[in-house]
Amino acid sequence: MAKTVTLADGTKLPALGMGTWNMGDTLGARMTQELESLRYGVDAGITLIDTAEMYGDGRSEALVGEAIYREREKVFLVSKVLPNHASGPGVAEACRNSLRRLGTEYMDLYLLHWRGSVPLVETVEAFRKLKQQGLIKHWGVSNFDVEDIEELERCINPGECAVNQILYSLEHRGVEYDLLDANRFRNIVTMAYSPIGQGGALLQNPSLKAVAQRHITATGPATPAQIALAWVLRQRNVLAIPKAGSVQHLKENIAAQDITLTEQDLSDLDHAFAPPHKKIALEMI
């Protein structure tokens, strides 16, 4: 059975979702592959899709809208508002623009992409109004460190903030020092973006390759990317949103859910990618 995570209100979600950063930017064959991948994922039960108004100036949202318009009710749809749109009027306008591009009447989850100059209390109140109006079902934040979560906590009710989306991978483990626990303590699900890296350097690591050679998946011998993803998915209360620009890539992500890393695997990965021993400023890309 595929792993799930549970929001504070009891909503269960697949622990593996689909990210769409840098998707929708290229017309032609590549966009066709991206649409096929998203549709395949929904049919396969990977029903959480993450996007943002920032991605391609809305092109990613438009791609997602095209991919899901026939199966909207199956999808848990996530988008994000830019901090320069985080005022009361700005959030309302940005949300409606995102809904128009997505071709839907509501979002399942709406996140503040990162902190800006707008006071959190104003953004929170804007999110509450959107929820009251039925335009969003849940709201949350992104790129919030512990002190940001603590400040947010002072202006919300328990359980109001559903998710904190952050950078988390073997290469970026600083959040293990305190942020993952801070989120768990507050019933905030951690959504890990870029769980298998961005440029491919992570996947060339010799130790990661060696661990991959010990495992077989439904798609064949395990790849370093599958091991990196399985490593993130093993964490309690963590949901990962890797991008998959093709059906084959998505099949590999799905198969990674069945990998059980051994104590030796985890030890070898700790040796190659050291866990944090002190507070590290939250990393973002």
Residues in the range 87-122 that are under 28 Å from residue 38 (Cα atoms), among the charged types (D, E, K, R) and either free of Cβ contacts under 8 Å to residues at least 40 places away in the same chain or not in a helix (DSSP H, G or I) (or both) total 5
Inside the range 268-282, can you point out the residues that are assigned to a loop (DSSP other than H, G, I, E, B) and under 18 Å from residue 228 (Cα atoms)? 273, 274, 275, 276
Just to check your reading of the model, which residue among 141, 163 is free of Cβ contacts under 8 Å to residues at least 40 places away in the same chain and in a strand (DSSP E or B)? 141
Considering only residues that are among the polar types (S, T, N, Q) and over 21 Å from residue 49 (Cβ atoms), which ones fall in the range 66-122? 84, 87, 117
Unique residue being under 25 Å from residue 39 (Cβ atoms), touching a residue at least 12 places away in the same chain (Cβ under 8 Å) and not in a strand (DSSP E or B) when the list is 230, 210: 230
Mind listing whichever residues of the range 1-59 are more than 23 Å from residue 112 (Cα to Cα), among the small types (Gly, Ala, Ser) and not in a loop (DSSP other than H, G, I, E, B)? 29, 37, 41
Would you check if residue 125 is of a type outside the set (S, T, N, Q), in contact with a strand residue (DSSP E or B) (Cβ under 8 Å, 6 or more places away or on another chain), more than 21 Å from residue 65 (Cβ to Cβ) and in contact (Cβ under 8 Å) with a residue 24 or more places away in the chain? no
Among the residues of the range 84-97, is there at least one that is of a type in the set (A, V, I, L, M, F, W, C), surrounded by 21 or more Cβ atoms within 10 Å (Cβ to Cβ), farther than 16 Å from residue 139 by Cβ and touching a Gly at 6+ places or on another chain (Cβ under 9 Å)? no
How many of the residues making up the range 237-267 are surrounded by 13 or more Cβ atoms within 10 Å (Cβ to Cβ), among the β-branched types (Val, Ile, Thr) and either part of a loop (DSSP other than H, G, I, E, B) or touching a strand residue (DSSP E or B) at 6+ places or on another chain (Cβ under 9 Å) (or both)? 4
Restricting the range 49-76 to residues that are touching a residue at least 60 places away in the same chain (Cβ under 8 Å) and not acidic (Asp, Glu), the residue that is surrounded by the fewest Cβ atoms within 10 Å (Cβ to Cβ): 76
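Bear in mind that the values in this text are calculations on the coordinates, not laboratory data. What you see is a predicted model; the values in this text were computed from it and never measured. Positions of Cβ are generated from backbone atoms using ideal geometry, with glycine treated the same way; all protein chains shown enter the neighbour counts.
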